[in-house]
Amino acid sequence: MRQLSYSAIWLLLIGFGFVVLLSYQTTEGEYLASPQSWPAASTLQRCKTGNTVLLFLHPKCPCSIATLSKIEHLLSHHREARAYAIFVKPQGADSSWESTALTEQAKKITNLIMIDDINQSEMSSFKAATSGLVLNYDRQGNLNFAGGITPGRGHEGDSQGADLLEQVLSSKISPELAVLRSNVYGCPLESAILRT
């Protein structure tokens with residue numbers, strides 16, 4: 001009888017752990033309203049003949065590895081887009097912030113421009129709050145996509161966000177439509193500022 005109750009408790013704990021993990025993986029990160037037009041304060045060079053894709057990343061966010069894999073796949077079909085990986089880092093960050101799994105993965109993506117946002121100016125200009133946030137601005141500098149491109153934290157695979165961004169990059173979406181938005185999953189970018 002005692003063996004049975006231990007087994008029941010063990011199964012309950014496993015079930016509870018699974019629910020907590022699933023909840024964490026599918027909890028959306030914070031999203032602030034992104035600027036509808038390219039902000040004048042940004043020092044990044046916008047593509048005047050096509051799309052400009054911005055990907056905001058916390059260098060130590062394990063959730064965003066899946067986002068980088070997805071962006072690599074999308075960019076391989078849209079080499080004409082200008083794409084930035086903006087790594088938000090705290091001032092005075094030590095060398096452990098320079099070479100992380102995320103930065104090493106980003107270096108392998110040939111048409112992705114890596115930017116260190118040490119003073120958080122780009123993060124502030126574009127109101128980015130969560131690692132894995134992707135913004136796309138068209139040739140006129142108008143925002144037409146904002147959000148995440150994975151189905152959950154650290155999960156690759158099909159997602160509504162990746163499908164929407166693919167349609168935007170392929171010009172399959174009418175520019176008159178409102179900004180397309182999807183949930184973004186990742187670590188808070190603020191933790192890159194607070195953690196040293």
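The values are calculated or read from the model by the stated rules, or taken from the named source; none is laboratory data. Treat the numbers as computed from the prediction; the structure is a model and nothing was measured. In this analysis, Cβ positions are derived from the backbone assuming ideal geometry, glycine residues included, and neighbour counts consider all displayed protein chains. Accessible surface is based on the protein model in full, side chains and every heavy atom, while ligands, DNA and RNA are left aside. Shrake-Rupley method; radii C 1.70, N 1.55, O 1.52, S 1.80 Å.
Data for the structure
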quantity: Boolean, Gln3 is at pLDDT below 75 and over 18 Å from the mean Cα position of the chain (by Cα); calculated: yes
quantity: Total residues in the range 45-92, condition in contact with a strand residue (DSSP E or B) (Cβ under 6 Å, 6 or more places away or on another chain) and under 13 Å from Tyr137 (Cα atoms); calculated: 11
quantity: Qualifying residue in the range 63-71 (condition: of a type outside the set (A, V, I, L, M) and either farther than 22 Å from Gly161 by Cα or open to solvent by 70 Å² or more (accessible area, probe 1.4 Å) (or both)); calculated: no
quantity: In the range 161-196, residue most open to solvent (accessible area, probe 1.4 Å) [restricted to those that are part of a loop (DSSP other than H, G, I, E, B) and modelled with pLDDT under 65]; calculated: Glu176
quantity: Restricting the range 51-98 to residues that are touching a His at 6+ places or on another chain (Cβ under 8 Å) and of a type in the set (Gly, Ala, Ser), the residue that is farthest from Val184 (Cα to Cα); calculated: Ala66
quantity: Residues of the range 83-99 classified as open to solvent by 10 Å² or more (accessible area, probe 1.4 Å) and within 19 Å of Val168 (Cβ to Cβ), total; calculated: 1
quantity: Test: residue in the range 96-105 that is closer than 18 Å to Gly148 by Cβ and either charged (D, E, K, R) or within 16 Å of the chain's Cα centre (by Cα) (or both); calculated: yes
quantity: Odd one out for Met114, checked against (1) open to solvent by 10 Å² or more (accessible area, probe 1.4 Å); (2) at pLDDT below 95; calculated: (2)
quantity: Residue that is modelled with the highest pLDDT, among those in the range 19-28 that are more than 13 Å from Arg181 (Cα to Cα) and of a type outside the set (A, V, I, L, M, F, W, C); calculated: Thr27
quantity: In the range 87-133, the residues that are part of a helix (DSSP H, G or I), among the charged types (D, E, K, R) and closer than 21 Å to Ala66 by Cα; calculated: Glu104, Lys107
quantity: Criterion violated by Leu102 - all others in (1) open to solvent by 10 Å² or more (accessible area, probe 1.4 Å); (2) in contact with a helix residue (DSSP H, G or I) (Cβ under 7 Å, 6 or more places away or on another chain) satisfied; calculated: (1)
quantity: Output for the range 27-62, where each listed residue is among the small types (Gly, Ala, Ser), touching a Gly at 6+ places or on another chain (Cβ under 9 Å) and open to solvent by 60 Å² or more (accessible area, probe 1.4 Å); calculated: Ser37
